[in-house]
Amino acid sequence: MGMTVGMKKGGGGGGGLVFFFFFKQKTAYEIYQCDWSSDVCSSDLNPPRYPLMPTSSIKAVVFDLDGLMFNTEDIFTEAGNELLRRRGFEMSFELHRQMMGRRPHDAFRIMVETLDLSETVEALLKESQEIFDSLLNDNLAPMPGLFELLEHIEVGALRKGVATSSPRRYMENILGRFELLDRFSMTLTAEDV
């Protein structure tokens, strides 16, 4: 799994803030190795020509939580597979694609409607959470290169944030397991939007 890097200029005129958003498509290590002198990061650089980010133009970095910082998407997938297996179904690629990245209630509503399940969204959410929690302790891991990338960003004294469609309690639990919560000056969760 990797991440996509997108650049967003904020404010008007040439003095606006520049933010980088990291989404799943490149690994954190690949991002760390990017040529930060260009507008778009490319993992095709081998070796990197400019290993240090030009902090004069970049003001902040915002990370997506699930699947980019941690392997939680794999754990969600495993929990979803088990939930459906108990009902005689398999998670299709299409259903998985429709559910991924959505708030839990919305994702499970899609599951109920697609598979014509008789159970309520709330009941499925509760059971899925129990499965997920049972898998989390033994399976949660940071994505390769995450800590190196964070250190690289901190060397440039850049502000860092986390944005997720997940609930705040969940985000704090995941980041807290690796003592990362205090390393981010901003967090944005489902409750904030």
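The values are calculated or read from the model by the stated rules, or taken from the named source; none is laboratory data. Computed from a predicted structure; not experimentally measured. These accessible areas exclude ligands, DNA and RNA; they are computed on the full protein's heavy atoms, side chains included. Shrake-Rupley method; radii C 1.70, N 1.55, O 1.52, S 1.80 Å.
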- So how much accessible area does V193 have, in Å² to the nearest 10, using a 1.4 Å probe? 120
- Message: At 1.4 Å probe size, put D64, D106, D138 in order of accessible surface, largest to smallest.
- Response: D138, D106, D64
- Might you tell me the accessible area per residue for region 106-178, computed with a 1.4 Å probe and given in Å²? 52
- Query: Can you list residues whose amide H is under 5 Å from R159's amide H, if they're 5+ apart or on another chain and H is modeled 1.01 Å from N?
  - Reply: V61
